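Below you'll find the structure, written out as structure tokens, and then a few comments.
The values are calculated or read from the model by the stated rules, or taken from the named source; none is laboratory data. Since this is a predicted model, take the numbers as computed values, not measurements. Note that each Cβ is placed from the backbone with ideal geometry, even for glycine, and that neighbours are counted across all protein chains shown. For accessibility, only protein heavy atoms count, side chains too; no ligands or nucleic acids. Shrake-Rupley method; radii C 1.70, N 1.55, O 1.52, S 1.80 Å.
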Amino acid sequence: MKEGKVLYLSTIHLTSKTAALLNSCSFNNGKLNNDSRVHAKGLYGWFIEVLGNTSNLEPDLKACMDLANNQSCDWLIFDREIDSSNDLPTYKW
């Protein structure tokens, strides 16, 4: 069994455009354009594999992935029930 570090973030740190992209990826090919795997987390969230290359990502998702990379995380979990972080911008949907 492989263990890994996970960063939990609120969905408020994503734009509605990025949320739609994550939904599309999780239900279609399961990958972002940097090859990170994406899985739906219920109705309001996602599990995203953290990979080092974030240059092709939307700016809001890139900031979240960069934070996860800086903390040596393997996975990023977005959930609407998580409190917002002061380290990231927030967006209204």
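Here are some notes:
- Across the range 56-69, coupling constants 3J(HN,Hα) worked out from phi with the 6.51/-1.76/1.60 Karplus curve, θ = phi - 60°, read 8, 8, 4, x, 5, 5, 4, 4, 5, 5, 5, 4, 5, 4 Hz, and Gly and Pro carry x.
- Net length available on complete extension from Ala40 to Val6 is 10.7 nm, with 0.36 nm assigned per residue and the Cα-Cα distance removed.
- Furthest towards positive pole of dipole, Phe27, Ser16, Cys73, structure part the chain, Cβ charges: Phe27
- The range 1-55: relative contact order as a whole-number percent, Cα under 8 Å and 6+ apart: 23
- Count of Lys pairs (Cα-Cα under 17 Å; at least 8 positions apart or interchain) in the chain: 5
- Over the chain, relative contact order from alpha-carbon pairs under 8 Å, at least 6 apart, %: 43
- Backbone amide hydrogens, once placed in the peptide plane, bring Leu9 within less than 5 Å of Ile77, Phe78, Asp79, excluding anything fewer than 5 places away on its chain.
- Percentage of interatomic Cα-Cα distances in the chain larger than 14 Å: 62
- Entry comment: accessible area of the chain is 61 Å² per residue, from protein heavy atoms only and a probe of 1.4 Å.
- Placing dummy labels 7 Å off each Cα toward the beta-carbon, the span from Asn69 to Asn53 is 1.1 nm.
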